[in-house]
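Some notes on the structure that comes next.
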Amino acid sequence: MEVLDPSVSRDDHPLCLNDTLQKVYSTENPIRDTSSCIKARKIFGFLGFLGFALVYSMRVNLSVTIVAMVNKTNPHHTNASLHNNCSEYAPSPNQTIIPSKGSFDWNDKDQSIILGAFFLGYVLTNVPGGRLAEKVGGKLVYGLGVFLTSVLTVISPFAAMWGFYPFLIIRIAEGITEGVTFPSMHSMLAQWVPPLERSKFAALVYAGSNFGTVISMPLSGWLCDQELWDGWPLSFYLFGGLGIIWYVFWLLFVFDTPAKHPRIDPQERAYIESLVETKNEDNNDSVPWRSILSCLPLWAIAITQCGQSWAFYTLLTKLPTYMNDILRLDIEQDAFLSALPYLTAWIMGLVISALADALLARNLISPLASFKFWNSVASLGPSLGFLGVIWAGCDRFTVMMMLSGLGSLYGAVYAGNQMNHIALAPRYAGTLYGMTNALANACGFLAPYVISLIIGEHESMESWNIVFMLAAAINLGANCFYLLFASAKEQSWNRGNN
């Protein structure tokens with residue numbers, strides 16, 4: 001029998017988490033998966049990855065296309081191009097700058113409302129989506145979330161042509177349909193993935209969001225420069241159409257649990273079910289809301305997710321505007337460089353998550369210490385990157401080094417707080433993730449709005465520096481709260497002990 005290290009808190013030691021993890025960490029009789037090479041859970045993971053790539057493509061393409069959609073020949077759109085501190089990029093007297101002649105006369109406030117409208121709908125369905133996935137299964141909830149978002153994306157150009165408010169309604173509706181995706185996937189991960197594979201597996205699946213961003217931004221920028229249908233609608237048609245096709249494959253190859261999969265290798269099913277808490281199909285217990293709402297470790301996850309989301313959405317929704325208006329990049333350069341931070345974060349996320357799982361497997365770090373360490377890395381890196389942007393000023397190369405270099409450490413979030421919900425309460429993983437993700441994504445609406453207030457009608461380097469400092473401060477402060485109150489111990493109410 002293995003003896004606990006007296007230097008490690010009993011609550012933090014992996015052997016004290018629950019009976020399932022005791023099996024996993026046992027070195028005497030380790031459990032192995034000897035099933036076929038083509039594993040059902042890997043097919044599920046790959047299609048989940050593609051699903052997130054597509055929904056993020058549909059979420060972020062507007063950040064690029066809006067630059068082409070807006071008519072900047074109107075005088076109230078030209079101040080940013082005439083007044084900023086990057087004078088070295090100003091046109092020479094012999095040069096002529098032709099502003100975007102887009103079809104829509106939206107001012108900066110209108111654009112911020114449109115960019116933030118998605119998140120207004122998104123936060124409404126996170127908790128219902130997680131709970132629905134726990135009750136009826138994540139396959140249907142996640143699949144429909146992607147499919148309906150795809151349909152709405154295809155009709156988005158028509159809504160924009162109808163007017164500001166129809167387009168706003170479509171963006172809110174897209175948020176509502178996409179809001180179920182993350183919590184329903186979290187519920188499925190709890191049923192499909194053994195504990196020691198979760199950081200790496202989740203990084204592969206959720207990194208689809210970074211991959212989708214990396215693909216969507218430059219491709220959307222290129223499509224905006226095409227003459228067919230004014231260019232910008234092509235981005236909506238492409239990604240929406242691919243999402244509809246993806247749904248067919250999801251229905252054919254993915255199932256709610258290993259027990260429901262008709263073609264899974266029996267050895268793989270036995271391996272998974274021996275290490276995860278099997279879903280009780282007859283479980284009709286109500287959610288212990290009072291215990292959940294009073295759970296300080298859960299609030300620690302929610303707070304740090306809010307800080308990280310503020311920083312993330314500062315980049316996601318406003319970086320293309322900063323690149324275009326302050327650093328004077330054309331739309332194709334703008335879109336390509338704006339995608340770089342997500343490419344590096346995607347790669348770093350895969351590397352760090354594999355390292356985190358390896359350290360846990362060798363008992364070199366406790367789960368709680370692992371959550372806290374990697375979450376701190378995910379918060380500190382991008383925050384230092386923002387401060388580096390302020391220091392770099394108008395140096396385009398250094399700005400991108402800061403955002404793509406230090407910012408890549410955001411990829412550590414998958415080994416940080418993202419799997420913490422399952423450690424606290426695997427039975428309610430979808431509901432918990434829905435709650436924290438809803439709170440965090442409220443920043444997706446607040447961040448663009450607050451940024452528009454800070455920048456005002458006359459963009460300048462000084463006002464953008466305030467934006468970057470605010471994002472860094474919120475991110476670091478939220479991580480401090482997580483360090484103080486996070487836990488990796490399974491909560492008593494997960495098994496009905498309220």
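Taking 0.36 nm per residue of separation and subtracting the Cα-Cα distance, full extension of the segment from Ile244 to Ile155 would add 30.8 nm. With 0.36 nm allotted per residue and the present C-alpha distance subtracted, the Ile38-Ile466 stretch has 149.0 nm of extension available. Between Ala473 and Ser286, the modelled labels are 4.3 nm apart [label points 7 Å from Cα along Cα→Cβ]. Cys480 contributes about 80 Å² of solvent-accessible surface, heavy atoms of the protein only, 1.4 Å probe.
Per residue, the range 391-498 exposes an accessible area of 36 Å² to a 1.4 Å probe, with every protein chain left in place.
The relative contact order of the range 332-417 comes to 48 percent, based on Cα pairs under 8 Å that sit 6 or more residues apart. The alpha-carbon atoms of the range 344-498, seen along their principal axes, cover 57, 33, 24 angstrom, with the largest extent given first.
Shape class for the range 193-233, computed from the alpha carbon gyration tensor (a ≥ b ≥ c): prolate, with a/c not under 1.5 and a/b above b/c. When the pairs Lys135/Lys200; Lys200/Lys260; Lys135/Lys260; Lys139/Lys260; Lys42/Lys135; Lys39/Lys260 are compared against a 21 Å limit on Cα-Cα distance, Lys135/Lys200; Lys200/Lys260; Lys42/Lys135 fall above it. Per residue, the accessible area of the range 136-225 comes to 29 Å² when a 1.4 Å probe rolls over the protein heavy atoms. Each of Tyr449 and Leu140 was given a label point 7 Å from its Cα along the Cα-to-Cβ line. The distance between the two points is 3.5 nm. With a Förster radius of 25 Å applied to the C-beta separation of Ser103 and Ile169, the computed FRET efficiency comes to 0.85.
Taking the 1.4 Å solvent-accessible surface of the range 357-486 as the whole, the part contributed by carbon and sulfur is 75%. Sorting Arg396, Arg131 by solvent-accessible area of protein heavy atoms yields Arg396, Arg131, largest first, with a 1.4 Å probe.
The values are calculated or read from the model by the stated rules, or taken from the named source; none is laboratory data. Values in this document were obtained by computation on a predicted structure and should not be read as measured data. All Cβ positions, even for glycine, are placed from backbone atoms using ideal geometry, and neighbour counts span all protein chains on display. Keep in mind that these areas ignore ligands, DNA and RNA; they rest on the heavy atoms of the full protein, side chains included. Shrake-Rupley method; radii C 1.70, N 1.55, O 1.52, S 1.80 Å.
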